[in-house]
Amino acid sequence: MRETTLAPDDLVLPYFVVPGEGVRSPISSMPGIDQVSVDALAGEARELASLGIKAVVVFGIPSSKDALGLESYAEDGVVQQAVRALKDADSELVVVTDVCLCEYTDHGHCGLLDSEGYVLNDETLEILGRIAVSHAEAGTDVVAPSGMLDGMVGAIRGALDSGAHERVAILSYAVKYASAFYGPFREAAEGAPSFGDRRSHQMDPGNAREALLEAALDVEQGADALMVKPALGYLDVVTRVRERFPELPLAAYNVSGEYAMVKVAAANGWLDERAAALEVLTCIRRAGADLVVTYHAKDVARWLQGGAA
Ligand code: PBG
């Protein structure tokens with residue numbers, strides 16, 4: 001009689017990929033999640049296949065950062081290598097790559113900056129196109145622009161199409177809030193802004209009608225799927241976007257801070273981790289998300305395989 005189902009293939013697992021070999025460094029604020037080097041990914045792909053998880057999102061931590069984020073579109077950049085390793089290991093695994101500059105710039109902002117430290121929207125779009133094309137050349141299936149810059153979906157679609165990558169899809173972080181719940185991610189991806197914040201381009205947590213405008217603009221520009229982020233405080237937004245754009249797949253990102261809250265409470269014996277994580281993910285699905293990007297993915301897949309949800 002249950003209205004909402006939860007299965008391993010509803011889940012997308014993020015990876016933080018670092019340069020080097022044999023690296024597996026735990027992220028202290030995200031227990032159970034490690035930064036890994038490219039050589040670990042073939043083994044990861046096999047594990048995911050055995051768990052029934054069919055998609056991953058790849059974030060890269062470059063070997064060097066600069067004001068222009070040059071490594072973001074390097075042919076042998078860490079994400080580009082990671083994509084090749086994952087697709088070589090399992091061509092059926094759906095690889096999604098994050099397209100943003102914040103992990104690659106020394107100032108940690110999502111774009112080029114003007115002399116006053118504001119993100120230069122239109123100048124950055126051209127670079128996002130280059131990043132997407134370099135990911136496509138490495139073999140990614142889906143690019144996920146996460147910077148909330150105006151016009152990013154259209155610019156990326158244009159760059160992909162003129163580079164003969166028409167089949168690479170765009171999952172747009174259409175509705176992304178300037179949230180305090182990205183804290184642990186910034187440790188994991190080493191991409192905290194060195195000054196200021198992202199409120200000039202990410203959304204105000206108090207706004208929901210604006211989310212529909214943001215989503216509409218991305219749909220108009222050719223987004224193939226939409227994402228709402230974070231998930232838990234924004235389930236109403238997930239539902240509204242689902243209802244307004246029923247024809248597009250919708251993802252929700254159960255972000256690092258949401259994960260950390262469950263993990264730390266469970267570690268203290270204050271929550272039953274399994275029950276809490278399954279409840280969280282079921283509720284995100286109930287709100288209307290087809291896919292959930294979540295750091296709980298492997299554990300949940302194991303629990304679901306064990307048969308007890
Ligand atoms: C930006 C990006 C962020 C997250 C995903 N992509 C950080 C930010 O916008 O500051 C956060 C995800 C999480 O907290 O799990 N590239």
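Quick notes
- Single match in Val58, Val17, Val12 (criterion: open to solvent by less than 20 Å² (accessible area, probe 1.4 Å), within 16 Å of the ligand (Cβ to nearest atom) and touching a Leu at 6+ places or on another chain (Cβ under 6 Å)): Val12
- Test set (1) more than 16 Å from the ligand (Cβ to nearest atom); (2) surrounded by 17 or more Cβ atoms within 10 Å (Cβ to Cβ); (3) more than 27 Å from Thr282 (Cα to Cα) - Arg198 fails condition number: (1)
- Residue in region 144-151 that is surrounded by fewer than 20 Cβ atoms within 10 Å (Cβ to Cβ) and assigned to a loop (DSSP other than H, G, I, E, B) present: yes
- Residue pairs whose Cβ atoms lie under 7 Å apart, separated by 6 or more positions or on different chains, with the first residue in region 186-209 and in contact (Cβ under 8 Å) with a residue 60 or more places away in the chain and the second more than 8 Å from the ligand (Cβ to nearest atom) and outside any loop (DSSP other than H, G, I, E, B), are Ala188/Phe16; Ala188/Gln35; Ala189/Phe16; Ser200/Val119; His201/Val119.
- Residues in region 156-169 that are open to solvent by 10 Å² or more (accessible area, probe 1.4 Å), assigned to a helix (DSSP H, G or I) and touching a residue at least 40 places away in the same chain (Cβ under 8 Å): 1 in all.
- Of all residues in region 63-92, those that are modelled with pLDDT under 95, in contact with an Asp or Glu (Cβ under 7 Å, 6 or more places away or on another chain) and surrounded by 14 or more Cβ atoms within 10 Å (Cβ to Cβ) total 1.
- Number of residues in region 202-219 that are closer than 12 Å to Asp150 by Cα and either surrounded by fewer than 14 Cβ atoms within 10 Å (Cβ to Cβ) or in contact with a Cys (Cβ under 7 Å, 6 or more places away or on another chain) (or both): the value is 1.
- Test result for Gly147, farther than 20 Å from Gly233 by Cβ and within 12 Å of the ligand (Cβ to nearest atom): yes
- The set of residues in region 93-113 being open to solvent by 50 Å² or more (accessible area, probe 1.4 Å) and either away from the ligand (no atom under 16 Å from the Cβ) or modelled with pLDDT of 95 or more (or both) consists of Val94 alone.
- Residue count, region 175-191 (criterion: among the small types (Gly, Ala, Ser), more than 7 Å from the ligand (Cβ to nearest atom) and in a loop (DSSP other than H, G, I, E, B)): 2
- Cβ-Cβ distances below 8 Å connect the following pairs, each with a first residue in region 235-251 that is touching a residue at least 12 places away in the same chain (Cβ under 8 Å), a second residue that is among the charged types (D, E, K, R) and part of a loop (DSSP other than H, G, I, E, B), and a separation of six or more residues or different chains: Leu248/Asp224; Pro249/Asp224; Pro249/Asp290; Leu250/Asp290; Ala251/Asp290.
- Among (1) touching a residue at least 60 places away in the same chain (Cβ under 8 Å); (2) in a helix (DSSP H, G or I); (3) more than 13 Å from the ligand (Cβ to nearest atom), the one test that Gly117 misses: (2)
The values are calculated or read from the model by the stated rules, or taken from the named source; none is laboratory data. Please read all numbers here as calculations on a predicted model, not as lab measurements. FYI the Cβ positions are ideal-geometry reconstructions off the backbone, even for glycines, and counts take in every protein chain you see. What goes into the accessible areas is simple: the full protein's heavy atoms, side chains included, and nothing from ligands, DNA or RNA. Shrake-Rupley method; radii C 1.70, N 1.55, O 1.52, S 1.80 Å.
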